[in-house]
Structures are given as structure tokens and as C-alpha cells.
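FYI, it's all coordinate maths here, none of it is from the lab. Because the structure is predicted, anything quoted here is derived from the model rather than measured. Virtual Cβ from ideal backbone geometry, glycine too; neighbours counted across all protein chains shown.
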Amino acid sequence: MTKRRVKRSAATWRELFRRQEHSGLATAEFCRREGINAGLFRRWRTALVEPRRRESGASRSRRKPDVVGPSTAPFIDLGGLGSAVGSRFDIRLELGGGIVLSIARG
């Protein structure tokens, strides 16, 4: 007997992950009930969900975060900038990993 291969979109996989999470079932049991290969389910979850969790800091990993040391940058209070009429400011924060946050006004 040959099993028919089912192609699922990323959105369909994400919906399946959401359903499994809300079902309260273990991955293996959920996949058995849905007729999905559990190994394939895990592979897609790693590819689609885990990178998003790492980016948002919601990873289930018990690994310690990659912290080099205490921050040496001073606190910048921007509260007073809104009171000056016509004031201009530019702030650039380099967050690491090639991510830069720029805030400009005026």
C-alpha cells in the first residue's frame, strides 16, 4: 500500500501546531489521531515555530541567554524631548546580530 503524499503550506502547518498545543495531547498522540508523520511534524515545527520563539525570547530552552556582561550604556531619559517645540533628535541603538533600531523626530 502506497501512502499519498500531502503538501501543506506553512500556514497549514502553523494551524496544526496551534491545534496540537491547545489539544493538550503529546505530539505523537496528536499526529497519530490526525494521520500525520510525527517526525515530519517535529521537523516543520522546528523550521517554522522555533526560529520565531528564539527571536521573541520565548524559547523553551533552559539554556542561559548569551550575555557578555553588564551593560555599560547609560540610561537615556527621552521624557524632556517632547516639551521643546521644534526639537529634533536621532537615536540609533545597535542591538547586536546586525539589528539596528533608529528613532528620529523633527
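Observations on the model:
- Once the C-beta distance of Arg5 and Leu25 is scaled by a Förster radius of 25 Å, the resulting FRET efficiency is 0.55 to the nearest 0.05.
- Neighbour counting of Cβ atoms within 10 Å sorts the residues Val100, Val49, fewest neighbours leading, into Val100, Val49.
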